[in-house]
Amino acid sequence: MLDATTRSGGTATVSPRTAAAELAVAAAGPVAPTGFAARVTRVLLSPWSRLSLLVALLASAATTVVLFQPQQLLTSGWPPQLGGAAAALAYAVAYGLCTVAFVPRPLLNLAAGALFGSQLGLASAIAGTVLGAGVAFCLGRVLGQEALRPLLRGKWLKAADGQLSRHGFRTMLAMRLFPGVPFAASNYCAAVSRMGLLPFLLATGLGSIPNTAAYVVAGARASTPTSPAFLIALACIALPGLAGAVVAWRKRHRLRGR
């Protein structure tokens, strides 16, 4: 048997067994920290801690909206310091943050039309819609997905998760086209599923155009409620909602029959 080290000509030679042990230790990497600090780190980074942080952030955002009441833009108007494209860009950012805080999109779309007119208001509203959806999706994916996925046990929840995970783009496109699906709820449902971010954003941008345009035009022509543009906008708001209710009712009976 070889010793741990042998000397030949004044040179120390490491035995094969010792060399193998040293290589195994090096391959294992650094030892994980232990003790109180490590336990605190694991608790703070656990799925339920991150989900609690998400709930706290959303509750804080909703409280801020209640206190500052952004709907006053409909009556008081946009700050006079901003105008043109800069104002539309600022409104798009504010729009996105407000949707994360559960401000209803129809209200924001009406305000976009009233403040900027049909064309610039539509561009600002669509940009804000995609921004808000992306922020909500990323928050839900990073802070909530790992904790919530094990809870997807019911038949309806599994069906919705499977549809979003396998056919994310077309499913989200349909959800955006039919305005009966709550915007915030669809964002977080997509985040918990295995749908990708890029298909989610593309489907949101494309699917939100018709309904958003109807509200923006209605807001821009609110001063002339008997004009053809205003009446057509109202029809475009009502008909997709009715169609969405019919489709949801039919799907409900199909799911019950399975």
Item to complete: Identify all residues within region 92-115 that are modelled with pLDDT of 90 or more and of a type in the set (Phe, Trp, Tyr); write none if there are none.
Response: TYR95
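Yes or no, residue by residue, for (1) polar (S, T, N, Q); (2) within 19 Å of the chain's Cα centre (by Cα); (3) surrounded by 22 or more Cβ atoms within 10 Å (Cβ to Cβ); (4) within 15 Å of GLY113 (Cα to Cα):
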{"site": "LEU198", "(1), (2), (3), (4)": "no, yes, no, no"}
{"site": "LEU202", "(1), (2), (3), (4)": "no, yes, no, no"}
{"site": "GLY205", "(1), (2), (3), (4)": "no, yes, no, no"}
{"site": "PRO228", "(1), (2), (3), (4)": "no, no, no, no"}
{"site": "ILE237", "(1), (2), (3), (4)": "no, no, no, yes"}
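Quick one: which of LEU139, LEU122, LEU151 is at pLDDT below 95, hydrophobic (A, V, I, L, M, F, W, C) and over 11 Å from the mean Cα position of the chain (by Cα)?
Testing whether each residue is at pLDDT below 95, hydrophobic (A, V, I, L, M, F, W, C) and over 11 Å from the mean Cα position of the chain (by Cα) leaves just LEU151.
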Discussion item. I'd like to know if region 205-220 contains one or more residues that are part of a helix (DSSP H, G or I), touching a helix residue (DSSP H, G or I) at 6+ places or on another chain (Cβ under 7 Å) and at pLDDT below 75.
Written reply: no
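Suppose we filter SER165, SER186, SER193, SER124 for residues that are open to solvent by less than 50 Å² (accessible area, probe 1.4 Å), free of Cβ contacts under 8 Å to residues at least 40 places away in the same chain, touching an Asp or Glu at 6+ places or on another chain (Cβ under 8 Å) and of a type outside the set (D, E, K, R); which single one remains?
Result: SER193 is the single residue among SER165, SER186, SER193, SER124 that is open to solvent by less than 50 Å² (accessible area, probe 1.4 Å), free of Cβ contacts under 8 Å to residues at least 40 places away in the same chain, touching an Asp or Glu at 6+ places or on another chain (Cβ under 8 Å) and of a type outside the set (D, E, K, R).
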Item to complete: Can you give me the number of residues within region 104-121 that are crowded, with 21+ Cβ neighbours inside 10 Å and either under 23 Å from VAL66 (Cα atoms) or among the hydrophobic types (A, V, I, L, M, F, W, C) (or both)?
Response: 9
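The values are calculated or read from the model by the stated rules, or taken from the named source; none is laboratory data. Model, not experiment: these values are computed from the prediction. In this analysis, Cβ positions are derived from the backbone assuming ideal geometry, glycine residues included, and neighbour counts consider all displayed protein chains. Quick note on the areas: whole protein, heavy atoms, side chains included, nothing else; ligands and nucleic acids left out. Shrake-Rupley method; radii C 1.70, N 1.55, O 1.52, S 1.80 Å.
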